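Derivation of every value follows stated rules applied to the coordinates shown; laboratory data play no part. As the structure is a prediction and not an experimental result, all values here were calculated from the model. Here the Cβ positions follow ideal geometry from the backbone for every residue, glycine too, while neighbour counts run over all protein chains shown.
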Amino acid sequence: MYSNTGGQQSKATFTGAVAKFAAEGKAQMPKDLAMMAVAYENVYVARVAMGASDTQTLKAFIEAERYDGPSIIIAYSHCVAHGYDLRYGMDQQKKAVECGLWPTFRYNPALAKEGKNPMTLDYKGPQIGVKEFMYNETRFSMVDKMNHANAETFLATASEHARQMWRRYQNLEQLWESPAQGEES
């Protein structure tokens, strides 16, 4: 959701989040803005969450600045509209990464030119349930109070989305680790 327009949902809003124009919770899975940028193959792309790893965040900013070309850093930013005490914002960012809904990585095309793997997964896949992340925030937990069946469906959809992203990013990382088809060893 983005607050500068009155709390509307966007295509990148997490599944199950309640917003002004998604009062019963957003049913669709969010689009993966980072993967869309990686598809260009000549853009430095990182997804970061300082609460999960300040070191990974710093590395991403340094690499992005050094990259000779366009760079995009997509950073998790907690917000008062998420419906929790923001003094726990960094903890909540960490949970977003740990549940797999905010996979952190760095994609550096300059490494591919050197024959190295451009994709660095900085998270190790989903390690906690999405509910542990989502239900700390009113934007998700209020759906359970309004319609428990919908809330369960949203949790299942979000969990599947976290697993899909993990497999997708793992596959991308592994693509660069193995020799290209048809090449001789």
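Per-structure values
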item: Protection-proxy order for peptides 63-70, 92-99, 117-124, each taking the mean of Cβ atoms within 10 Å per residue, highest first; result: 92-99, 117-124, 63-70
item: Partners for Lys95 among aspartates and glutamates (Cα-Cα distance below 20 Å; same-chain residues under 8 apart left out); result: Asp32, Asp54, Asp85, Asp122, Glu132, Glu137, Asp144, Glu152, Glu160
item: Distant-in-sequence amide H partners of Ile72 (H built 1.01 Å from N, under 5 Å); result: Tyr44, Val45, Ala46
item: Volume per residue that the Cα convex hull of the stretch 45-133 spans, once the total is divided by residue count, Å³; result: 91
item: For Met50, distant residues with modelled amide H under 5 Å away; result: Tyr76
item: Protection proxy ranking, peptides 164-177, 36-49, average beta carbon neighbours within 10 Å, highest first; result: 36-49, 164-177
item: Order by protection proxy (mean Cβ within 10 Å, highest first), peptides 127-138, 51-62; result: 127-138, 51-62
item: Amide hydrogen neighbours beyond the local backbone of Phe105, cut-off 5 Å, H modeled; result: Arg47, Asp122
